[in-house]
Structure formats: structure tokens, C-alpha cells
Amino acid sequence: MSGHGDPIPMMSQRGPALCGEAHVPGDKSISHRSLILGAMAVGETKIEGLLEGQDVLDTAKAMRAFGAEVTDHGEGRWSVHGVGVGGFAEPAGVIDCGNSGTGVRLIMGAMATTPITVTFTGDASLCSRPMGRVTDPLALFGAKAEGREGGRLPMTITGAVEPMPVRYTVPVPSAQVKSAVLLAGLGAPGKTVVIETEATRDHTERMLAGFGAELTVEESGEGRVITLTGQPELRPQHIVVPRDPSSAAFPVCAALIAEGSDVLVPNIGLNPTRAGLFETLREMGADLTYENPREEGGEPVADLRARFSPNMKGIEVPPARAASMIDEYPVLSVVAAFAQGPTVMRGVKELRVKESDRIDAMAQGLRAAGVEVEEGEDWWIVHGRGQGNVPGGATVESRLDHRIAMSFLVMGLATTEPMRVDDGGPIATSFPVFEPLMTGLGAKVGRA
Ligand SMILES: O=C(O)C1=C[C@@H](OP(=O)(O)O)[C@@H](O)[C@H](O)C1
Ligand SMILES: C=C(OP(=O)(O)O)C(=O)O
């Protein structure tokens with residue numbers, strides 16, 4: 001089991017208004033996929049703006065172990081010399097995906113239709129997360145998985161010798177499961193069909209098409225039907241990774257709750273499968289605007305401008321929007337504490353199987369900070385206390401979960417008393433420059 005070393009206690013407190021520009025790093029989902037698809041293409045893929053967070057670095061290391069030549073050229077520029085679909089070599093050692101669900105699940109899919117045997121592991125958080133949701137459909141291709149009880153890491157997968165294409169309806173709203181099946185489908189002859197009843201982030205579909213795979217997407221009575229023709233020769237690409245809306249969420253939400261703030265977060269990808277948080281904040285009455293809207297690399301992009309919004313109201317977040325903001329519920333619940341009235345979040349059972357049980361982690365921390373929270377298996381309600389009326393003064397466990405750590409550090413910028421987290425180390429998995437970026441805006445956040 002891997003880990004990130006000694007805990008790094010952090011704290012945040014009220015201070016001056018936040019102002020200036022926040023240049024957040026590249027998108028985590030697209031960064032993982034750039035490396036994996038680059039490794040499955042024939043020839044050299046060039047990447048600009050790769051997120052150099054630990055999750056993505058672990059995926060880069062894994063791709064090297066499978067035989068791809070992965071080179072860091074500095075300042076977010078990377079290249080991947082791929083080995084082609086079906087060309088993965090058997091790694092000499094264990095593949096350690098650290099804290100990353102996306103990394104391990106997508107890589108399992110990518111190797112499952114090549115006849116090699118691979119052992120996967122991760123940190124204590126990743127070793128507690130369900131992998132059966134991926135190994136079940138991979139078994140339909142002919143792959144065999146052996147792991148701990150309940151489908152947990154460490155786990156050894158032997159790829160199919162004669163893979164069969166599959167038709168699979170994804171039983172949980174998960175882009176990781178969908179993507180694992182599609183990546184496995186690359187190695188199987190014929191057509192692999194994946195059906196999702198709730199649309200999730202569509203980066204894998206868009207990028208597979210960009211790499212030259214034959215792929216169609218149709219809406220039908222069954223849901224979103226994705227059909228992929230297997231065993232293509234993927235063409236290397238030049239990828240410019242857009243900036244991550246899930247990271248942008250932190251400076252945006254901080255500006256909304258910290259008195260007097262006015263922050264610009266430029267160049268944020270607003271793919272509709274990712275932008276649910278911003279829509280929700282606007283419905284709550286946030287002063288959040290999309291400036292200079294444009295298209296880049298086929299994706300909608302805008303500069304987000306967030307200003308202090310003292311009169312936000314709690315709302316019922318439409319459950320149909322959950323997948324498009326699944327990683328943003330923790331920080332939304334912080335904003336909800338500063339709004340007036342209840343914010344109701346339903347249809348969010350998936351939050352219980354992330355890096356931590358995010359409903360429980362946020363509910364406990366919010367309560368410790370003086371905010372009333374109700375919860376059930378797949379819902380929770382945060383009772384907002386209104387701006388200027390949230391006590392804070394708590395030390396919260398981040399539970400190896402970057403988004404829990406960052407959410408409570410954002411909260412402390414507007415609570416009466418400072419907030420502390422026991423360990424800010426996990427922040428490096430997705431947003432390694434969080435602290436300098438926030439202090440650059442004027443935020444009082446740092447090591448405790
Ligand atoms: O496919 C992806 O890149 C991701 C999918 C989501 O996970 P699930 O597929 O488990 O919902 C999300 O939470 C994660 O941060 C990134
Ligand atoms: C859930 C997340 O990541 P992963 O599943 O890749 O660990 C996240 O980044 O919030």
C-alpha cells in the first residue's frame with residue numbers, strides 16, 4: 001500500500017478580499033486520458049498543459065511500465081511514444097496508482113484485452129474503493145481478476161487471450177466504468193457497445209474519436225448508446241489540455257463567500273458534462289459570470305468571474321445534474337453553509353465511494369463548524385446560516401481526500417474562527433499549486 005508521507009496540517013482564516021486572476025492547472029480527467037490513449041496510439045503524442053498532480057504522475061509511471069516512452073519536457077509539456085492497441089508489455093513490478101480511482105480503473109480497462117498479468121495497488125483510500133464495478137464488465141471480455149474480498153485492491157488482472165466484444169449497460173453513473181469498458185473494447189475485435197442511462201463526462205468518447213477510433217453515440221430509449229469498433233490503429237495527437245473546472249471550483253467558491261472579493265479564473269473548460277456546479281451557483285444567486293465565451297479544441301471555454309455574493313439562497317439541486325458536478329458537492333456544501341436556507345442534494349450515493357465517504361466527511365466537518373446537516377444514504381441537506389454567521393473554529397480530518405481538505409480550507413476564509421485540516425498532503429493529487437494560487441489572491445491559507 002502506498003501513501004504520501006507525513007501529514008501536513010493546514011489552516012485558513014478570514015482576511016482581505018480575494019482579488020486577481022487564478023490560473024488553475026490542466027484538467028485531471030483529460031490528463032489521465034491523454035497519457036493512456038497516447039500509450040495506445042502508434043507514434044508520438046504531444047501534450048501541453050498536462051496536470052502534474054500526483055494522480056496523473058502515477059498514470060505516467062504506469063504507462064512507462066507497460067512499455068510506452070513517456071517524457072517530461074518541462075512546464076506541462078509531455079510526449080508519449082505509444083506502443084499501439086494490444087501492444088502493452090507485462091510490467092516488471094506492481095502498478096501503484098496511489099490515490100487515483102480514475103488512474104487505476106482506466107488502466108485496468110486498457111490492459112484487460114491484452115494477454116498480460118498485472119497487479120494493481122494504491123494508498124489506503126484507493127484500497128478501500130470498489131473495483132468490482134470495473135472487473136465485472138472486464139470479465140465479459142474474458143479478463144480474470146483476483147483481489148481482496150469485496151473487489152478491493154491489491155488486485156491481479158490477467159487480460160483476455162481471445163477477447164470478445166461486449167454489450168454493457170453501466171449500472172452506476174460512472175465515467176470511470178464507462179471508460180474502462182471502452183478502453184477494453186479497443187482490444188477486442190468487432191463492436192463493443194456501452195450504454196449509460198445517466199450521461200457522465202464524455203472525455204473518453206471525444207478523445208477516442210480524436211485519436212481516430214470509429215465511435216458513434218446515439219440517444220435511444222435505453223439511454224446513451226456508445227458503439228466502438230475494436231482493434232483500430234490509433235493516430236497520435238497533439239493535445240492542449242483545458243484547465244480543470246473541478247479545480248476552478250475552489251477559487252470561484254472562495255470568492256463568492258469571502259467579503260469584497262472579485263476573482264477571474266481564465267480559460268475554464270465548460271463541457272456540459274462537467275459544468276453543473278456553476279449552473280447551480282448561479283441558481284443560488286451567485287454573482288458568477290462567463291466572460292469571453294468561446295470554443296477551443298471543440299470544447300466550450302470561458303473566463304469565470306466570481307464576486308462576493310452575500311445574498312445567496314439555498315436551493316434543491318436537480319438530481320439529474322449530479323453527474324455533471326459529482327466532484328463539486330463538497331465545496332458546494334461549503335457555499336451552502338453561507339447561503340440562506342436549506343440546500344438539498346439528492347441522488348448522490350456515488351459520493352460515498354470516492355476518496356472518502358464525502359457525505360459523511362463533509363457532514364461531520366460542517367457540524368463541527370456549527371452548521372446543521374441532515375443526511376441519508378443518497379441525499380443530504382445543508383442548512384445555510386447566511387453570510388457572516390458561520391462559526392468555524394474546527395479541526396477536520398481530510399481522510400486522504402484532496403477535495404475534503406480544499407473545501408474546508410475555502411470555508412475558513414469566511415468563518416468567524418479559523419478552520420484547520422489535519423492533513424493537506426492529499427491536495428497534491430489534483431491541485432498541487434492550490435496553496436500558492438490561493439495566497440496569490442490574498443487568501444490567508446497555509447501550514448498550521
Ligand atoms: O472519469 C473520470 O475522469 C472521473 C470520473 C468521476 O468518477 P466516477 O466515474 O467514479 O463517477 C470523477 O469523480 C473522477 O474525479 C474523475
Ligand atoms: C473522485 C475523484 O478522483 P478519482 O476517482 O480519480 O480518485 C476526484 O478527483 O474528486
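The values are calculated or read from the model by the stated rules, or taken from the named source; none is laboratory data. What you see is a predicted model; the values in this text were computed from it and never measured. Here the Cβ positions follow ideal geometry from the backbone for every residue, glycine too, while neighbour counts run over all protein chains shown.
Within the stretch 71-105, the set of residues being part of a strand (DSSP E or B), surrounded by 22 or more Cβ atoms within 10 Å (Cβ to Cβ) and hydrophobic (A, V, I, L, M, F, W, C) comprises W78, V80, I95.
Across the stretch 391-448, the number of residues qualifying as away from ligand 2 (no atom under 16 Å from the Cβ) and in a helix (DSSP H, G or I) comes to 7.
Among A124, A89, which is more than 16 Å from ligand 2 (Cβ to nearest atom) and either at pLDDT 95 or above or outside the structural domain of V166 (by TED's automatic domain parsing) (or both)?
Details: A124 fails: more than 16 Å from ligand 2 (Cβ to nearest atom).
Only one candidate passes the filter, namely A89.
Return the residues of the stretch 306-348 that are surrounded by fewer than 23 Cβ atoms within 10 Å (Cβ to Cβ), charged (D, E, K, R) and part of a helix (DSSP H, G or I); say none if nothing qualifies. Across the stretch 306-348, the qualifying residue is only R321.
To keep it simple, each residue is scored yes or no on (1) in contact (Cβ under 8 Å) with a residue 40 or more places away in the chain; (2) touching a Ser or Thr at 6+ places or on another chain (Cβ under 9 Å); (3) among the hydrophobic types (A, V, I, L, M, F, W, C); (4) not in a strand (DSSP E or B).
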site: P236; (1), (2), (3), (4): yes, yes, no, yes
site: C253; (1), (2), (3), (4): yes, yes, yes, yes
site: L256; (1), (2), (3), (4): yes, yes, yes, yes
site: E259; (1), (2), (3), (4): yes, no, no, yes
site: L281; (1), (2), (3), (4): yes, yes, yes, yes
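From the list R167, R129, exactly one residue is in contact with a helix residue (DSSP H, G or I) (Cβ under 9 Å, 6 or more places away or on another chain), more than 24 Å from F211 (Cα to Cα) and at pLDDT 95 or above. Which is it?
Numbers: R167 fails: more than 24 Å from F211 (Cα to Cα).
Going through R167, R129 in turn, the sole match is R129.
Take the residues of the stretch 28-50 that are more than 11 Å from ligand 1 (Cβ to nearest atom) and in contact with a Lys or Arg (Cβ under 8 Å, 6 or more places away or on another chain): which is farthest from V85 (Cα to Cα)? In this case the residue turns out to be G49.
Yes or no: L256 among the aliphatic types (A, V, I, L, M), surrounded by fewer than 22 Cβ atoms within 10 Å (Cβ to Cβ) and more than 30 Å from P171 (Cα to Cα)?
Details: among the aliphatic types (A, V, I, L, M): yes; surrounded by fewer than 22 Cβ atoms within 10 Å (Cβ to Cβ): no; more than 30 Å from P171 (Cα to Cα): yes.
Criteria not met by L256.
Give the stretch 210-228 a look and list any residue that's among the small types (G, A, S), over 19 Å from Q176 (Cβ atoms) and not in a strand (DSSP E or B), or say none. Correct list: G210, G212, G221.
Just the residues that are in a strand (DSSP E or B) and under 20 Å from the mean Cα position of the chain (by Cα), please, taken from the stretch 3-59. Break it down stepwise before answering.
Keep residues of the stretch 3-59 that are in a strand (DSSP E or B), which gives 10-13, 19-21, 26, 41-48.
Those that are in a strand (DSSP E or B) and under 20 Å from the mean Cα position of the chain (by Cα): G26, I47, E48.
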